[in-house]
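Structure first, commentary second.
Read-outs throughout are calculated quantities, based only on the coordinates presented, and are distinct from any laboratory measurement. Note that this is a predicted model, so its numbers are computed, not measured. Neighbour counts are summed over all protein chains in view; Cβ atoms, including those assigned to glycine, are modelled from backbone coordinates with ideal geometry.
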């Protein structure tokens with residue numbers, strides 16, 4: 001199973017890379033058929049990616065969500081899924097040209113991690129594992145999409161005037177609204193992640209909260225996005241400032257995932 005998973009993982013990387021290149025060619029050539037091919041490759045990559053995760057779980061005899069490699073590849077899966085949903089929902093194919101490089105970088109990071117399968121430590125042997133990490137994956141995927149949308153928003157007025165871009169990139173107002181929805185989705189699932197994590201921690205270590213570095217930075221990330229939503233809802237905060245705030249939020253997401261594991265070891269270091 002694990003050998004097949006390795007083959008599928010390689011296929012997934014190739015499909016995501018090919019999809020990314022085709023999205024770039026789509027912008028350069030301005031041909032809808034190319035974007036359709038890119039979208040099909042992205043969807044195919046997601047299907048093979050799902051199969052790889054399933055085989056990883058079967059081969060390991062557990063959910064594939066417990067180490068750096070498994071979470072990184074699941075993070076890429078979540079970002080691909082959420083971006084695909086937003087592309088189809090809003091008929092916004094150029095989003096793929098900005099989201100696909102982020103997805104490819106994350107799965108590339110996964111490829112650099114050890115793929116060895118280890119037995120679960122006692123604290124991880126819980127039914128809460130699936131709920132906790134799965135909600136984190138969706139949250140991170142949604143925040144990744146909001147980051148991409150914010151980048152597009154910030155670059156929107158700096159792009160050369162083009163009938164093609166004007167036709168295929170939503171107005172700044174719509175970009176802002178879509179980014180807001182993505183942040184809302186992300187903070188909802190991050191809240192579920194923190195709640196399930198607290199319940200799991202109490203059962204594993206006898207305390208709902210221990211100020212572990214990852215717990216602390218997850219809280220910091222949640223607060224950043226909560227401030228974003230508060231300022232938007234209560235103060236009508238939109239536009240460039242909101243886009244910059246969403247970008248800062250995603251930097252916090254990346255530090256929570258990679259930075260904490262690298263520089264601030266704690267009880268979550270196994271992730």
Debye sum, Cα scatterers, the range 16-82, no solvent: what log₁₀ I/I(0) at q = 0.14, 0.18, 0.21, 0.22 1/Å?
-> -0.49, -0.69, -0.82, -0.86
Determine one quarter of the surface area of the Cα convex hull of the range 172-255, which equals its mean projected area, and express it in nm² to one decimal.
-> 5.6 nm²
Packing-based exposure ordering (other Cβ within 10 Å, fewest first) of 202, 215 | 202, 215
In nm, what is the difference between 0.36 nm times the number of residues separating residue 120 and residue 47 and their Cα-Cα distance?
-> 23.6 nm
Scattering profile of the range 125-271 at q = 0.13, 0.16 Å⁻¹ [log10 I(q)/I(0), Debye over alpha-carbon scatterers] | -0.62, -0.84
What fraction of the Cα pairs in the range 1-126, stated in percent, has a spacing above 24 angstrom?
-> 30 percent
Within a Gaussian network of the chain (alpha carbon springs, distance under 10 Å), most fluctuating of 261, 67, 127 | 127
Taking Cα atoms, the helix 32-60 axis meets the longest principal axis of the chain at an angle in degrees (rounded to 10) of 0 degrees
Starting from the Cα coordinates of the range 180-224, work out the convex hull volume and express it per residue in Å³.
-> 54 Å³
Take the Cα radius of gyration of the chain and divide it by 2.2 N^0.38 Å, with N its residue count; two decimals is plenty.
-> 1.02
Quote the Stokes-Einstein diffusion coefficient, in whole µm² s⁻¹, for the range 124-212, based on the Kirkwood radius over alpha carbon pairs, a temperature of 37 °C and a viscosity of 0.692 mPa s.
-> 217 µm²/s
Output row, site residue 127, 7 Å Cα→C-beta label point, backbone N cut-off 14 Å, window the range 197-218, residues 200
What number, rounded to the nearest 500 deg cm²/dmol, is the helix-based mean residue ellipticity at 222 nm of the chain, given -39500 (n - 2.57) per DSSP H run of at least four residues and division by all its residues?
-> -26500 deg cm²/dmol
Express in whole angstrom the spacing between the alpha-carbon centres of the range 166-224 and the range 1-42.
-> 28 Å
Placing each pseudo-label 7 Å from Cα in the direction of the beta carbon, residue 248 and residue 4 end up separated by a distance in nanometres of 4.8 nm
For the chain, longest principal axis from Cα atoms; helix 240-254 axis from its Cα atoms; angle between them, nearest 10 degrees, is 30 degrees
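Which FRET efficiency, nearest 0.05, do residue 262 and residue 188 yield, Cβ-Cβ r, R0 30 Å?
Details: r = 28 Å, r/R0 = 0.93.
Efficiency at R0 = 30 Å is approximately 0.60.
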Per-residue Cβ neighbour rank within 10 angstrom, fewest leading, 193, 80, 252 | 252, 193, 80
Calculate how steeply helix 172-205 sits against the longest principal axis of the alpha-carbon atoms of the chain, using the helix alpha-carbon long axis, and give the answer as 0 to 90 degrees to the nearest 10.
-> 0 degrees
